[in-house]
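Report on the structure given below.
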Amino acid sequence: MVKKMGRRLVTALMCVMLLVCLLPVTARADTGPKPSVEITIENMDGRVCYGTLLSETESTGPASVWDGREESIQDYGDNHSVWQAFAEYKDADGFFFLQQYWRCDGTKGFTWGYHPPQTFKILLYYPETGEFVSSGVLERYAFDSYYTANLADGAMTVRRSFNYTAQIVGLVGRMVITILIELGVALLFSFREKKLLGLITVVNVVTQLALNAALFAIYNAEGPWVALIFYIPLELLVIIVEAVVYCLTFRRATERMISVGKIVLYALAANVASFVIGWVIARFVPFLF
């Protein structure tokens, strides 16, 4: 009875998983997430301020240095004088203004979200006084790079400001959801002994930490599309590892005999269930994923 129910559960969940993975996705040459640099500015004094990233190279993506021709000047309307001030700025290290800039006194920062420079400086301009404030040389350190610029005492100091708190909250939330789902599936398979449930919890903590660490490293190095490509094979590896560990430990943790087939079936069903239910939850609570 349990075996039949387990097989039906796995079959149903596998069908849903396949449907999720096969949802139509339109691919174009320039679609998908792009690297970004997000700048947060602290201790601004309330003056009108514009910001840009000066680039070590003369172009990145569609952004490039002004070629000097009047006809190629973009229409900046009332902000033409700001563009001109940036265009005429001479950086001591020869970095270039690529004609991208943002007003940042109201937002306390700006984001270059489409092909930002790899090596850059932060440059702020105050049009009321003609003053410029520049940072030292910085690098994109991840697919999405975050920096905080502090303007205390009129100078600019910059630090990396990746939101590790949000990442930890998301990781803990995902782990709790996964463990609860897999414990629920264990009860459906009549795995009710405290030792078995404790073992499942410990194994899931280890495998989820390893899985999330691998995906985090891939995401920061290559971006979300590559991380998504690796997700399925890594999840399959987790299923194999958990199945092997459970086969080696389940029968030692309980006095009753449990067949290898049932243990493997549980590992598969539990992980497919956590994948499908997690995907559904992510649609409603995206900050956890």
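Before we move on, is N150 surrounded by 14 or more Cβ atoms within 10 Å (Cβ to Cβ) and assigned by TED's automatic domain parsing to the domain that holds S259?
Here the answer is no, as N150 does not meet what is asked.
Taking G223 as meeting all but one of (1) free of Cβ contacts under 8 Å to residues at least 24 places away in the same chain; (2) at positive phi, write down the number of the exception.
(1)
Looking at F120, F97, F110, F86, which is the one that is surrounded by 14 or more Cβ atoms within 10 Å (Cβ to Cβ), aromatic (F, W, Y) and in contact with a helix residue (DSSP H, G or I) (Cβ under 6 Å, 6 or more places away or on another chain)?
Just a single option satisfies the conditions, and that option is F97.
Report the residue count in the range 43-53 for those that are within 11 Å of W112 (Cβ to Cβ) and among the aliphatic types (A, V, I, L, M).
Within the range 43-53, residues that are within 11 Å of W112 (Cβ to Cβ) and among the aliphatic types (A, V, I, L, M) number 1.
Return only the number of the condition from (1) closer than 30 Å to Y101 by Cα; (2) modelled with pLDDT of 90 or more; (3) in a helix (DSSP H, G or I) that A221 does not satisfy.
(2)
Answer yes or no as to whether A243 is closer than 30 Å to Y141 by Cα and either surrounded by fewer than 16 Cβ atoms within 10 Å (Cβ to Cβ) or hydrophobic (A, V, I, L, M, F, W, C) (or both).
Judged against the criteria, A243 is not a match.
Out of (1) modelled with pLDDT of 95 or more; (2) more than 21 Å from Q74 (Cβ to Cβ), what's the single condition that is false for F120?
Here F120 meets the rest and fails (2).
Output the residues belonging to the range 259-289 that are within 18 Å of T201 (Cβ to Cβ) and without any contact (Cβ under 8 Å) to a residue 60 or more places away in the chain.
I263, A267
Which residue pairs have Cβ atoms under 7 Å apart, sit 6 or more places apart or on different chains, and have a first residue in the range 53-72 that is in the same structural domain as L98 (by TED's automatic domain parsing) and a second that is loosely packed, with under 13 Cβ neighbours inside 10 Å and of a type in the set (A, V, I, L, M, F, W, C)?
Pairs that qualify, where the first residue is in the same structural domain as L98 (by TED's automatic domain parsing) and the partner is loosely packed, with under 13 Cβ neighbours inside 10 Å and of a type in the set (A, V, I, L, M, F, W, C): there are none.
Considering only the range 198-209, I want to know if a residue exists there that is buried (at least 17 other Cβ atoms within 10 Å of the Cβ) and not in a helix (DSSP H, G or I).
no
The values are calculated or read from the model by the stated rules, or taken from the named source; none is laboratory data. From a predicted model like this one, the values you see are computed outputs, not experimental measurements. Don't worry about glycine lacking a Cβ; one is built from the backbone with ideal geometry, like all the others, and counts go over all protein chains shown.
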